[in-house]
Amino acid sequence: MSSLRLWLTDPNPASRRQARLGQGYLAWLRIRRNKLAMTGLVIVGLLLLMAAFAPLLAPHDPLAQDLSRRLLPPGTPGNLLGTDDFGRDILSRIIFGSRITLYIIALVAVTAPLLGLLIGTISGYFGGWIDALLMRITDIFLAFPRLILALALVAVMGPGVENAVLAIALTAWPPYARIARAETLTVRNSDYIAAVRLQGAGAPRIIWGHIVPMCLPSVIIRVTLDMAGVILIAAGLGFLGLGVQPPLPEWGQMISSGRKFLFEQWWVATMPGLAILIVSLGFNLLGDGLRDVLDPRSTGK
Amino acid sequence: MSLLEVKNLRVTFATETGPVEAVRGVSFSLGRERLGIVGESGSGKTMTGRSVLRLIRPPGRIEADAMSFDGVDLMAASEREMRALRGNRIGMVMQDPKYSLNPVMNVGEQLTEGLRRRDRIGRTEARAKAIAALEAVQIRDPERVMAAYPHELSGGMGQRVMIAMMLIPEPDLLIADEPTSALDVTVQAEVLAILDGLVRDRGMGLIFISHDLRLVGRFCDRILVMYKGKVVEELEAKNLAQAQHPYTQGLLNCLPRIGGARGPLPGLDRSGDWAKEGA
Amino acid sequence: MVDIAPVPRRPSRLRPLFWGVGSGLLTLALTLLGLLFVTFIIARIVPIDPLLSILGERATTAQYEAARLAYGLDEPMWKQFAIYLWDAVQGDLGTSIRTREPVLSEVAERFPATLELATLGTLFGVITGVPAGVLAATRPGSISDQVVRVVGLLGYSMPVFWLGLIGLLVFYGKLDWVGGPGRLDASYQMMMQFQMEQYTGMILVDSALNGAWDMFANAISHIVLPAALLGYVSMAYISRMTRSFMMNELSQEYITTARVKGMPEWRVVWVHAMRNVLVPLITVIALSYAYLLEGSVLTETIFAWPGLGSYITDALFAADMPAVLGGTVVVGVAFVTLNMLSDILYRLVDPRAQA
């Protein structure tokens, strides 16, 4: 263990891999000192575990209805967080709901940055009128109110998880395109790109093999910071009935169904909301800490 | 009686990796004379200058056995008392006017601010004084400069404005922290000449902080040479050529001389005991 | 006297401003064109046949054909877009399928309610967020800094619609401190419609102008909760940004200059640093204002607020595409206009901004 640490903190790394891992280790040390970031990491970790072991953790089937046990308050034996209007166990629904939330996050986290990277690198690499055109399109999408655009898209494509993901991804890519373009512009004229070009590599290969990897770190930080926003938009769509369809236990849609009993059975709407709040707070804390650690400009003191 | 008395001044910064000492036990006294503080970057000369005004912000901390200005104990003075000293009795000109002037306030506003806020002087009178101050630093078109914003001024112009701003309240002591280092060589001489004349006419004390030993030698009466937060040598400017300390000699020797040998200039030799940590 | 280069005569501050407006208008026009194009595409790929929803299921083929011609649906796509564009420029956003009213007049009726809410929310966000950010920036690492940070992050992470429900539950349901959903109690609602001179459509303004102070108080009791809610979200954003801008300015050398001049700390922070912070902060405030216009979609649903957001969602569920897209276009226009306004203000505040 200690020899590993020595290897990691070696001021004269012998290979690029050692240098990279060493940097990562130092970043990890810095993150570990940041209590808020660690809290975020723990929350996100718990979410992953919860989703992975949902069938083991959940005391009940999330879809099993029991009309004799409907709208029981929290603390009822067997139903820790109470039951909803169909007598389904809220805790179990929240636990299984984490899978849906993660599914949406994962899909958006893959598609939106990919689209943004593609547009941003092409725009930055080719420049000229292609750049002007693509950036104008990006600006238009940036000027569009995100939630409303997502609403309109879902309305067109019909409700459902995949469509919700697609709608969110279609509204989430412009910032990534901006970042990727900025990074591309800084490396486009560097000597090593020129060298690759002299070897006869074509544009797609240069972009994919040499420029995209340079853009990845800044894009990844941005993804972590954006995840909370994605969770909130997805929950919003679910709340409006445009996302995941019942009876699947999606948190936003659960809030919406609890709305009818808000004043009498407050817990039905409250509990899933708390879940959303905690998870998106977790991503925000983590992203915030990551940025503090990885972005030298924001290093406070 | 001396104007400024500093005994065993220390400036410490708390950092993630433990405390870092920027100034480690500096003592000097100053009358109405010109004191030069020379050293390379990181030698603690700027921190020494700012400590006198108590302008070290946390995480930095100032300690001293004694530090007094004209009978006022600077270590014991309240923040209010310090404010009464700053600007009014002690002024400071900083390195680069591009950064030391507020970019969104016009020159007139920055010049008259002290008069109007601190001394409660009326608008017209303050304006007249500011224009007089600009004329004193040989600005030809003070009216127009008053209305200008800092980004519209050249470096030399900006530094003149800065000097004017600090001299308006006629302070007893002026701290000039590398006042010409950021300027074009051709402008440096002019600005120095202006500074020189004003300090001489008004009989102020001056602390001139610079990395340029020769410049300080020409400009000041007495010189402190600092290295790694300590004073390694104190001497009269006229005796500069007879400097004893190897560091001072090193600084002198690494500059080319007209008519001197054309061989490579010697680098600074830091092998002596004086260069060791904690020496 | 030493020869000194003359200060260049400063061009009028208004000239770059006009340039700014000019290029801003161009951006506005281009963005709107894109906006209309996107909405047009969306409208055309929608699987709902607009004619069927207009004519009803029982229309004959002849009726259907006639309508197809009447609505210009037989024209090629580009021509349809040109017509759509031309109509939109003239303020014709189509006709709502549900109500058979022009979308524009319906939207115009709803817009003041949203504007009122978003404005109050932004006001709340600025009044609380700016001091909180300054407080945190002047004492980095302190308890107050930590509190501002956590409160801000909570705001970032909050599902607004859920917080709205909780707010209703606590402050209306349990404590009865505020008015419930809607802009007014039902009795005042009638009064507003039939006895009041309507100047702006914003109830707070109109009731004040009419001197109806009891109605004003009632409207306040209704708007305070949703506005505070939106205000919290915008406060989270504004306080974080203010903190980071302020930290950056306070480390600048001109701050030392101000201190050397003997300026008291409040003046150093609130005058010297703040005037510089204001430059980027204007953009942030405009962005958060625009964001609130949008965020109202969910808030308005919760609070039964008859604004633009609830108009769009209601239309969505009735498959009333012209209304959805019309509403979207109007929000988009508001978005872009705010951006342009912030750009102009920016130029006014920052003397360095040249055209």
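Every read-out reported here was derived from the displayed coordinates using simple, explicitly stated rules and does not represent laboratory data. Treat the numbers as computed from the prediction; the structure is a model and nothing was measured. Cβ: placed from backbone, ideal geometry, glycine included. Neighbour counts: every protein chain shown.
Brief remarks follow.
- Percentage, to the nearest whole number, of Cα pairs in segment A:45-190 over 24 Å apart: 53
- Normalised per residue, the volume of the convex hull around the Cα set of segment B:68-187 (Å³): 111
- Helix axis angle, C:321-349 relative to chain C longest principal axis, alpha carbon, degrees: 20
- Residue-by-residue Karplus 3J(HN,Hα) for segment A:71-82, coefficients 6.51, -1.76, 1.60, Hz, glycine and proline x: 6, 6, x, x, x, 4, x, x, 10, 4, 9, x
- Convex hull volume per residue in cubic angstrom - Cα atoms of segment B:1-130: 150
- Annotation for B:Ala76 and A:Asp10: the two label points, set 7 Å from Cα along the Cα-Cβ direction, are 5.9 nm apart.
- Taken over the C-alpha atoms, segment A:162-301 has Rg and Dmax values of 20.9, 73 angstrom.
- Neighbour-limited loop hits for chymotrypsin sites (Phe, Trp or Tyr not before Pro), segment A:224-266 (at most 15 other Cβ within 10 Å; DSSP other than H, G, I, E, B): A:Phe263
- Label-point gap, in nm, between B:Lys98 and A:Thr76 - each point 7 angstrom along Cα→Cβ: 7.1
- Taking trypsin sites (Lys or Arg not before Pro) in DSSP loop conformation with at most 13 other Cβ atoms inside 10 Å as exposed sites, chain C has its longest uninterrupted site-free stretch at C:101-351.
- Full extension of the chain between A:Gln65 and A:Met214 yields a length gain of 48.5 nm, computed as 0.36 nm times the residue separation minus the alpha carbon distance.
- Degrees between helix C:274-302 axis and first principal axis of chain C (Cα, 0 to 90, nearest 10): 30
- Beta bridges per DSSP with both ends in chain B, % antiparallel, nearest 5: 60
- When shorter helices are ignored and each DSSP H run of at least 4 residues is given -39500 (n - 2.57), the per-residue value for chain A at 222 nm works out to -24000 deg cm²/dmol.
- Table column - 3J(HN,Hα) (Hz), segment A:24-36, Karplus curve with 6.51, -1.76, 1.60, x for Gly and Pro: x, 5, 4, 4, 4, 4, 5, 5, 5, 6, 8, 4, 5
- With a simple spin-label model that places each label point 7 Å from the Cα along the Cα-to-Cβ direction, the separation between A:Leu198 and C:Met77 comes to 4.6 nm.
- Fraction of the pair-distance distribution of segment C:62-165 above 15 Å, Cα-Cα pairs, percent: 79
- As a calculated quantity, the FRET efficiency between B:Ala147 and B:Arg123 at R0 = 25 Å, using C-beta atoms, amounts to about 0.95.
- Solution diffusion estimate, µm²/s, Stokes-Einstein, chain B, Kirkwood Rh from C-alpha pairs, 37 °C, viscosity 0.692 mPa s: 165
- At least 15 Å along the helix axis (C-alpha) and Kyte average at least 0.0, DSSP helices within chain B: B:155-167, B:185-202
- Per-selection Rg to Rh, the protein assembly as shown - Cα, Kirkwood hydrodynamic radius: 1.04
- Under 11 Å, Cβ to Cβ, from B:Ser29 - net charge with Lys/Arg +1 and Asp/Glu -1: -1
- Here A:Leu114 and C:Ile41 are evaluated by their C-beta separation; at R0 = 22 Å the FRET efficiency comes out at 0.50.
- Relative contact order of chain C, defined on C-alpha pairs under 8 angstrom at six or more residues apart (%): 28
- Sequence-distant contacts, meaning Cα pairs under 8 Å at least 6 residues apart, place the relative contact order of chain B at 24 percent.
- Per principal axis, descending, Cα span of segment B:140-239 in whole Å: 46, 27, 23
- Ellipsoid semi-axes in whole angstrom, largest first, where each is sqrt(5λ) of the Cα gyration tensor of chain C: 44, 30, 18
- Spread over its residues, the convex hull of the C-alpha atoms of segment C:200-270 is 152 Å³ per residue.
- Ranking A:Pro249, A:Ala203, A:Thr76 by Cα position along the charge dipole of segment A:16-294, where only Lys, Arg, Asp and Glu carry charges on their C-beta atoms, puts A:Ala203 farthest toward the positive end.
- Taking amide H as placed 1.01 Å from N in the peptide plane, B:Arg34 has its amide H under 5 Å from the amide H of B:Leu206, B:Asp221, B:Arg222, each at least 5 places away in sequence or on another chain.
- Hits among aspartates and glutamates - C-alpha to C-alpha of A:Lys260 under 14 Å, sequence gap 8 or more where chains match: A:Asp84, A:Asp85
- Across the alpha-carbon set of segment A:16-294, the Rg to Rh ratio works out to 1.06, Rh being the Kirkwood radius.
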